[in-house]
Amino acid sequence: MVLGLLPGERALVIAAWPGDETFGMGGTITAMAVHGITVDVLAVAFATSVIPDGSSSTQALLAEFTDACDVLGVHDRKVEWIDGDRARNPAVYLPDLAALIEHGAGPSLETSRPAAVFVPARGHHPDRQAVCQAALMAVYPGWSRKQFLPRLILGYDSPEDRVWVTADGARPVLVDITGTAAVKGAALGCYVTQVHEDPHPRSLQKIQAMDQAAGAALATQAAEGFAVYRMTF
């Protein structure tokens with residue numbers, strides 16, 4: 001059992017960009033999949049941009065995303081907004097973003113009906129802040145009796161935010177990923193356009209070090225920590 005989730009239940013991971021799901025909580029995704037939990041990933045946006053080694057082309061990034069999701073054991077996955085104004089400025093389209101998360105073609109709350117939802121914890125980047133806000137809007141209890149409400153909503157950090165912004169933030173939920181850290185490492189290896197050389201926070205060495213530091217709180221080899229937005233049993 002992982003996070004109280006039972007085999008056959010579903011989890012929805014919402015990422016601002018392809019890659020955040022793996023860098024932020026790849027070990028937990030695999031742990032859930034191994035225990036029979038169906039994991040879907042919605043990556044909201046991707047906009048082609050210049051990177052140090054060239055450009056993050058759409059085809060290359062989508063291939064990396066697909067390969068990483070396959071390694072982690074993800075079931076359904078999609079990158080919704082590719083290039084265009086919405087992809088470059090998600091915060092400007094907050095109502096559209098909330099609607100996408102709530103009842104988009106999928107993965108979404110309506111199509112996945114997840115027992116657990118994972119969202120970007122509020123960090124330093126406006127895109128992640130917007131996705132977090134829109135996701136919490138989408139799961140906010142309303143008047144409709146038909147509204148589906150997951151019992152668990154957790155926030156995960158990108159490596160940069162763990163170092164620069166949320167290092168002192170409370171992350172009371174820890175998942176032991178000792179048994180899945182190697183799979184997370186293999187999935188990270190799929191993102192050749194996003195992994196940086198040490199000592200950047202997105203280097204394999206620094207991600208491993210941060211996971212090991214979280215694991216020390218559990219007396220295990222590695223762990224991933226989460227903020228809590230909703231937890232019911």
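Among the residues of the stretch 77-92, those that are free of Cβ contacts under 8 Å to residues at least 40 places away in the same chain, in contact with a helix residue (DSSP H, G or I) (Cβ under 8 Å, 6 or more places away or on another chain) and open to solvent by less than 60 Å² (accessible area, probe 1.4 Å) comprise Arg77, Glu80, Trp81, Asp83, Ala91. Could you go through the stretch 58-76 and let me know if any residue there is among the aliphatic types (A, V, I, L, M), touching a strand residue (DSSP E or B) at 6+ places or on another chain (Cβ under 7 Å), at pLDDT 95 or above and closer than 29 Å to Met231 by Cβ. Among the residues of the stretch 58-76, at least one is among the aliphatic types (A, V, I, L, M), touching a strand residue (DSSP E or B) at 6+ places or on another chain (Cβ under 7 Å), at pLDDT 95 or above and closer than 29 Å to Met231 by Cβ, which makes the answer yes. Taking the numbered list (1) modelled with pLDDT of 95 or more; (2) open to solvent by 20 Å² or more (accessible area, probe 1.4 Å) in turn, Val119 passes all entries but (2).
Output the number of residues of the stretch 197-217 satisfying the condition of being surrounded by 15 or more Cβ atoms within 10 Å (Cβ to Cβ) and touching a residue at least 24 places away in the same chain (Cβ under 8 Å). Adding up the residues that qualify gives 9. Elements of the type helices (runs of 4 or more DSSP H) sitting completely within the stretch 1-117 and holding at least 3 residues that are hydrophobic (A, V, I, L, M, F, W, C): these cover 20-34, 58-72, 94-103.
The C-beta contact set for the stretch 48-69 (first residue closer than 16 Å to Gly189 by Cα, second residue at pLDDT below 85 and of a type in the set (Val, Ile, Thr), distance under 9 angstrom, 6+ apart or interchain) comprises Ser56/Thr48; Ser56/Val50; Leu61/Thr48. Might you check whether a residue that is outside any loop (DSSP other than H, G, I, E, B), touching a Gly at 6+ places or on another chain (Cβ under 8 Å), at negative phi and among the β-branched types (Val, Ile, Thr) occurs anywhere in the stretch 118-130? Within the stretch 118-130, one or more residues are outside any loop (DSSP other than H, G, I, E, B), touching a Gly at 6+ places or on another chain (Cβ under 8 Å), at negative phi and among the β-branched types (Val, Ile, Thr). Being within 28 Å of Ala63 (Cβ to Cβ), out of contact with any Ser or Thr (no Cβ under 7 Å at 6 or more places or on another chain), modelled with pLDDT of 95 or more and open to solvent by 70 Å² or more (accessible area, probe 1.4 Å) is a condition met by at least one residue of the stretch 176-186.
The values are calculated or read from the model by the stated rules, or taken from the named source; none is laboratory data. The structure displayed is predicted, hence computed values, not measured ones. In this analysis, Cβ positions are derived from the backbone assuming ideal geometry, glycine residues included, and neighbour counts consider all displayed protein chains. All accessible areas refer to the heavy atoms of the entire protein, side chains included, with ligands and DNA or RNA removed. Shrake-Rupley method; radii C 1.70, N 1.55, O 1.52, S 1.80 Å.
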